[in-house]
């Protein structure tokens with residue numbers, strides 16, 4: 001089917017807007033490919049240091065004729081999604097030797113768990129951990145020892161950070177290697193119910209911990225469709241995985257064979273690879289691939305966090321996107337997946353219903369994604385409309401199912417759950433923000449109510465417990481943007497606001513902070529830009545001001561006379577933060593860009 005005209009128009013607009021920056025980026029890729037740092041340019045001393053710890057691979061690396069893979073790993077065994085990576089490097093070295101190549105761990109990057117840090121002061125390091133990961137990736141690859149890169153990372157800021165760093169080495173082929181989700185545990189809707197009961201004081205800490213432990217119970221990615229699993233979806237739509245790798249469980253033979261195939265494929269797609277089939281990351285991540293990622297996000301009801309991460313990833317490749325691009329695509333991309341928080345199903349059930357293979361096949365049939373992108377495997381995106389399987393122990397790919405195996409979870413584009421993608425731009429005299437409609441009842445897409453203003457989520461919870469919010473209310477939580485405090489997720493607000501809504505009140509949230517990728521149910525304008533820090537509009541809002549939030553019209557406004565509103569003195573900014581290492585990130589906060597450009601201090605400082 002021909003490409004949808006809106007998808008074509010948005011892509012053309014991005015190409016035109018990015019012409020200069022993309023040309024400069026591709027010039028960088030070409031220069032680095034021809035004259036950049038590489039093994040043959042290293043001195044004898046440099047090279048000797050580079051292979052001294054390679055043990056049985058020393059002679060091969062020293063000979064200089066083999067393909068050497070740099071492994072950048074986000075392994076730690078505190079983060080369930082990344083715990084399976086512990087033995088990956090050891091295995092990958094064996095698989096590299098099978099292909100006549102070698103592999104070395106180029107470096108490790110931090111991997112923060114937002115599940116552990118939600119509601120804690122350490123959440124204020126979360127967004128900037130992405131930029132720290134990008135810097136760590138760049139340091140790992142700066143040694144010039146590698147002809148290709150395998151990146152081991154899954155979760156929220158980790159995949160965006162790995163890509164941001166690796167894209168500055170865009171002449172190298174890169175394959176992202178996932179580890180898969182944990183088996184299904186306590187259903188997500190039941191977990192949400194227990195959390196709300198706890199917020200009301202009807203369930204104690206013991207019962208809450210039992211529910212949480214039954215939800216998050218073993219190695220693997222959490223099973224709700226939040227930022228981590230949205231990452232995996234996007235990597236498939238961009239062609240940066242081996243096809244179908246996203247949602248295969250850890251510690252299975254199929255998972256192991258997919259990782260083995262990724263190692264073998266890397267050796268084929270380097271500039272001097274054995275197949276004469278150079279597929280550098282900087283060419284794979286182009287305007288069409290970025291549009292495909294946005295379309296996938298919308299079609300599956302993915303994480304709102306990617307309204308920040310995708311602009312940052314794109315900028316690292318010289319591509320400029322904004323929320324108007326997302327909004328335009330959202331108007332024509334149907335919601336074809338019904339996964340928690342939009343529905344009851346988890347990612348394992350999504351995978352069983354047809355998963356990424358069916359999703360990609362359906363989006364291709366509907367003309368909603370670009371088929372002609374350069375992927376790390378196959379001839380086009382059509383090769384990702386396949387399901388991996390084992391045939392007598394050998395990895396094979398089979399065509400996606402022609403129909404969904406469960407239409408309560410996955411539907412064709414012609415009969416979607418909703419006709420639009422559910423991530424809308426809202427704008428008005430309070431600035432610009434994101435509203436995820438896919439998880440919110442349409443009856444609540446318009447809320448008009450008096451504001452109650454807070455400067456942290458703990459104060460919101462205290463007011464809730466005191467009964468001060470038992471009314472129609474728009475909760476404003478400000479000074480939560482990148483420059484104020486690193487833009488933490490405010491996921492701890494979800495249970496109390498959900499309780500208020502269930503009590504029959506008209507409730508909404510307006511904030512310059514973020515919400516979890518799994519948040520939904522309560523209407524919210526998040527990522528508000530300009531942020532309150534520095535005198536943005538939210539800094540002028542007062543208790544009692546009536547705020548109108550309307551996803552239908554794409555508006556968020558305070559209903560105060562313009563002259564009066566602008567004449568107000570902005571609220572005082574909170575004191576500088578100390579403790580939990582936050583003071584070390586003061587430079588990042590000072591340099592951070594606005595949320596719509598990715599909220600990145602390192603891209604802003606580098607003028608990318």
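The values are calculated or read from the model by the stated rules, or taken from the named source; none is laboratory data. Note that this is a predicted model, so its numbers are computed, not measured. Cβ: placed from backbone, ideal geometry, glycine included. Neighbour counts: every protein chain shown.
For residue 531, state whether it is more than 26 Å from residue 441 (Cβ to Cβ) and either modelled with pLDDT under 95 or surrounded by 14 or more Cβ atoms within 10 Å (Cβ to Cβ) (or both).
Yes: the conditions hold for residue 531.
Of all residues in segment 1-45, count the ones that are farther than 15 Å from residue 271 by Cα and touching a residue at least 12 places away in the same chain (Cβ under 8 Å).
Qualifying residue count for the region: 23.
So in segment 547-572, with the set limited to residues that are buried (at least 17 other Cβ atoms within 10 Å of the Cβ) and in contact with a helix residue (DSSP H, G or I) (Cβ under 7 Å, 6 or more places away or on another chain), which one is farthest from residue 456 (Cα to Cα)?
Among residues in segment 547-572 that are buried (at least 17 other Cβ atoms within 10 Å of the Cβ) and in contact with a helix residue (DSSP H, G or I) (Cβ under 7 Å, 6 or more places away or on another chain), the one farthest from residue 456 (Cα to Cα) is 565.
Just to check your reading of the model, which residue among 509, 469 is touching a strand residue (DSSP E or B) at 6+ places or on another chain (Cβ under 9 Å), modelled with pLDDT of 95 or more, farther than 30 Å from residue 132 by Cα and not in a helix (DSSP H, G or I)?
Selected residue: 469, the only one of 509, 469 that is touching a strand residue (DSSP E or B) at 6+ places or on another chain (Cβ under 9 Å), modelled with pLDDT of 95 or more, farther than 30 Å from residue 132 by Cα and not in a helix (DSSP H, G or I).
Collect the residues in segment 81-102 that are free of Cβ contacts under 8 Å to residues at least 60 places away in the same chain and either part of a loop (DSSP other than H, G, I, E, B) or in contact with a helix residue (DSSP H, G or I) (Cβ under 8 Å, 6 or more places away or on another chain) (or both), keeping them in residue-number order.
Result: 93, 97, 102.
Could you tell me which of the residues 214, 199 is over 24 Å from the mean Cα position of the chain (by Cα), within 27 Å of residue 501 (Cα to Cα) and surrounded by 21 or more Cβ atoms within 10 Å (Cβ to Cβ)?
Checking each option against the conditions leaves just 199.
Do we have any residue at all in segment 363-381 that's assigned to a loop (DSSP other than H, G, I, E, B), touching a residue at least 40 places away in the same chain (Cβ under 8 Å) and within 30 Å of residue 568 (Cα to Cα)?
no
Kindly provide the set of residues from segment 516-535 that are over 14 Å from residue 549 (Cβ atoms) and outside any strand (DSSP E or B), ordered by number.
516, 517, 518, 519, 520, 521, 530, 531, 532, 533, 534, 535
Go through segment 269-304 and count every residue that is at pLDDT below 95 and buried (at least 20 other Cβ atoms within 10 Å of the Cβ).
Qualifying residue count, segment 269-304: 6.
Of all the residues that make up segment 85-116, how many are closer than 13 Å to residue 155 by Cα, modelled with pLDDT of 95 or more and crowded, with 17+ Cβ neighbours inside 10 Å?
3
Tell me, which residue of segment 453-466 that is surrounded by 14 or more Cβ atoms within 10 Å (Cβ to Cβ) and in a loop (DSSP other than H, G, I, E, B) is modelled with the highest pLDDT?
455
So residue 438 passes all but one of these: (1) surrounded by 23 or more Cβ atoms within 10 Å (Cβ to Cβ); (2) in a loop (DSSP other than H, G, I, E, B); (3) at pLDDT 95 or above. Which condition number does it fail?
Unmet for residue 438, out of (1) surrounded by 23 or more Cβ atoms within 10 Å (Cβ to Cβ); (2) in a loop (DSSP other than H, G, I, E, B); (3) at pLDDT 95 or above: (3).
Can you name the number of the only condition in (1) part of a strand (DSSP E or B); (2) crowded, with 20+ Cβ neighbours inside 10 Å; (3) in contact with a helix residue (DSSP H, G or I) (Cβ under 7 Å, 6 or more places away or on another chain); (4) touching a residue at least 60 places away in the same chain (Cβ under 8 Å) that residue 475 fails?
(4)
Filter segment 417-435 down to the residues that are out of contact with any helix residue (DSSP H, G or I) (no Cβ under 7 Å at 6 or more places or on another chain) and either surrounded by fewer than 24 Cβ atoms within 10 Å (Cβ to Cβ) or more than 16 Å from residue 513 (Cα to Cα) (or both) and list them by number.
Listed by number, the residues that qualify are 417, 418, 419, 427, 428.
Could we say that residue 414 is more than 26 Å from the chain's Cα centre (by Cα), assigned to a loop (DSSP other than H, G, I, E, B) and either buried (at least 19 other Cβ atoms within 10 Å of the Cβ) or free of Cβ contacts under 8 Å to residues at least 60 places away in the same chain (or both) here?
yes
Looking at the structure I just gave you, is residue 450 at pLDDT 95 or above and not in a strand (DSSP E or B)?
Here the answer is no, as residue 450 does not meet what is asked.
I'm checking my understanding of the structure. Among residues of segment 339-362 that are in contact with a strand residue (DSSP E or B) (Cβ under 6 Å, 6 or more places away or on another chain) and in a loop (DSSP other than H, G, I, E, B), which one is surrounded by the fewest Cβ atoms within 10 Å (Cβ to Cβ)?
353
Any idea how many residues of segment 222-253 are within 17 Å of residue 152 (Cα to Cα) and part of a helix (DSSP H, G or I)?
Qualifying residue count for the region: 10.
Name the one entry in 135, 127 that is more than 22 Å from residue 279 (Cβ to Cβ), crowded, with 24+ Cβ neighbours inside 10 Å and assigned by TED's automatic domain parsing to the domain that holds residue 314.
Checking each option against the conditions leaves just 127.
Go through segment 542-573 and count every residue that is under 30 Å from residue 421 (Cα atoms) and assigned to a loop (DSSP other than H, G, I, E, B).
5
Taking the conditions exactly as written (over 36 Å from the mean Cα position of the chain (by Cα) and buried (at least 19 other Cβ atoms within 10 Å of the Cβ)), does residue 60 satisfy them or not?
So residue 60 passes the test.
Quick one: count up the residues across segment 27-55 that are touching a helix residue (DSSP H, G or I) at 6+ places or on another chain (Cβ under 7 Å) and within 29 Å of residue 325 (Cα to Cα).
1
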